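The values are calculated or read from the model by the stated rules, or taken from the named source; none is laboratory data. Note that the structure is predicted; figures quoted are calculated from it, not measured. Heads up, the Cβs are rebuilt from the backbone with ideal geometry, glycines too, and the neighbour counts pull from every protein chain shown. Side chains are part of the model used for accessible areas, which takes the heavy atoms of the whole protein and leaves out ligands, DNA and RNA. Shrake-Rupley method; radii C 1.70, N 1.55, O 1.52, S 1.80 Å.
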Amino acid sequence: MDHASHPDPVPHRLREGFERIALVLRADLWSAAGTAGLNPTQAQVLALLAARPAGLRPKEIAAHLAVSAASMADTLAALERKSLLRRTPDPSDARAQIARLTEEGLELGRSLASSASQIAAALAQLTAAEQAGLLRAQIKIIRSLQQAGAIPVQRLCVSCRHFRPNAHPGEAASHHCAFVNAAIGDRDLRLDCGEHEEADPAIQAATWTAFAEG
């Protein structure tokens, strides 16, 4: 068999698996959005901004959700009419706006972000070690997509200036977070941390090497 002309079947099957999981994630989103009287994109905006109380520019929200700027403008206008969101001038750029949730929007957004789902129930059936391993694999995938420009920069532990990979070798909680001054394990790693402070690129590269080799 000419392996050079045939892709590795494992990555292909993994992609198929992600596609099936994505179908359930979309079904969960439609269900949660419908219950809240929203469409799926509106629900995604609320869940995203609930983790970012300082707000984001509309173009940043559009990039995070992979939708067009025009579509996002319509979504934000609808949420504004529902009194779930407000747009104010960006202090750093008078030509831009910042979209923030109202108190009602913040409460609903947090509820949507933590709503029960079929995927969450399935993940809960994995062992602690399986969950930690899957999270670590997700971080590697997200970082690769981020470097390829397929997704916006994410607030990952591995790109934060507070993260110290493998600072406690041999321990279950082998990493260290300088922000909280505590040891953390793979299960504690964040994909979207509110306290994230991006490290210098050179430090990020060194951190990633140490994390990947750990």
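Structure summary
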item	result
Subset of the stretch 61-93 (residues that are part of a strand (DSSP E or B) and polar (S, T, N, Q))	THR88
Residue within the stretch 61-68 that is open to solvent by 70 Å² or more (accessible area, probe 1.4 Å), out of contact with any helix residue (DSSP H, G or I) (no Cβ under 6 Å at 6 or more places or on another chain) and closer than 27 Å to HIS196 by Cβ present	yes
Some residue of the stretch 25-43 being within 16 Å of ARG87 (Cα to Cα) and either of a type in the set (A, V, I, L, M) or part of a loop (DSSP other than H, G, I, E, B) (or both)	no
Residues that are closer than 16 Å to LEU23 by Cα and surrounded by 13 or more Cβ atoms within 10 Å (Cβ to Cβ), drawn from the stretch 111-132	SER117, GLN118, ILE119, LEU123
The listed residue being open to solvent by 30 Å² or more (accessible area, probe 1.4 Å) and out of contact with any Asp or Glu (no Cβ under 7 Å at 6 or more places or on another chain), out of GLY105, GLY170	GLY170
Any hit, the stretch 89-101, residues being free of Cβ contacts under 8 Å to residues at least 40 places away in the same chain, open to solvent by less than 60 Å² (accessible area, probe 1.4 Å), out of contact with any Pro (no Cβ under 7 Å at 6 or more places or on another chain) and under 23 Å from LEU191 (Cα atoms)	no
Pairs, first over 14 Å from ARG190 (Cα atoms) in the stretch 114-141, second open to solvent by less than 60 Å² (accessible area, probe 1.4 Å) and among the acidic types (Asp, Glu), C-beta under 8 Å, six or more apart	SER115/ASP28; SER117/ASP28; GLN118/ASP28; ILE119/ASP28
Single match in ALA137, ALA99, ALA132, ALA113 (criterion: under 20 Å from TRP30 (Cβ atoms) and not hydroxyl-bearing (Ser, Thr, Tyr))	ALA113
Options THR75, THR88: the member that is touching a Gly at 6+ places or on another chain (Cβ under 9 Å) and of a type in the set (Ser, Thr, Tyr)	THR88
Considering residues of the stretch 181-214 that are of a type in the set (Asp, Glu) and in a helix (DSSP H, G or I) only, the residue farthest from LEU48 (Cα to Cα)	GLU213
So ASN181, is it free of Cβ contacts under 8 Å to residues at least 12 places away in the same chain and either within 29 Å of GLU213 (Cα to Cα) or among the aliphatic types (A, V, I, L, M) (or both)	yes
